[in-house]
1. Quick query: amide H of Thr20 versus all other amide H atoms, modeled in the peptide plane; which residues come in under 5 Å with a sequence gap of 5 or more or a different chain?
2. Taking 2.2 N^0.38 Å as the expected size of a compact globular protein, what ratio does the Cα radius of gyration of the range 1-95 give against it, to two decimals?
3. Can you run phi through the Karplus equation (6.51, -1.76, 1.60; θ = phi - 60°) for the range 20-33 and list ³J(HN,Hα) in whole Hz, with x for Gly and Pro?
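Nothing in this text is a laboratory measurement; each read-out follows from the coordinates by a stated rule. As the structure is a computational prediction, the values presented were derived from the model and not from experiment.
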Amino acid sequence: MRFSVPQFIDIEDKIFGPFTFKQFVYLAGGAGICFIVYKLLPFFFAVIFIVPIAGLALALTFYKVNNKPFIAILESYIRFLMQGKLYIWKKDPKKKEINKTEDVLPAPIVPRLSESRLKDISWSLDVLDVNSKK
């Protein structure tokens, strides 16, 4: 038996004409708030509030930043403003106390080759070289 596999499941359905449900809610909510402000305030003061509200509603509806909806960017911005910040680069470095006995490293031990030891190594290399040629 064959089943049809749904495709494009990450794309929201268009419910209200060319708009998804979220887009419609953003537009209708912005328009409703703008209408209430227009009725309650004189025209000059209403325009001062209507322009940013309408801009926000349009940005929430249509604007995307790096293929992310504007609401996700706005949410991240508000979280950034609300959470505490730790500025590590402004932290004063701690001064380390110098302890003379612990900080002095012992001198490394370097093996020395004496002339007789050098002759022994040279002779053993010559013997190995002669034996390998045979």
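1. Those lying under 5 Å, H to H, from Thr20 are Ile15.
2. Values: Rg = 21.2 Å, N = 95, 2.2 N^0.38 = 12.4 Å.
Cα Rg divided by the expected 2.2 N^0.38 Å: 1.71.
3. Listing the rounded values in order: 7, 4, 4, 4, 5, 5, 4, 5, 5, x, x, 5, x, 5 Hz.
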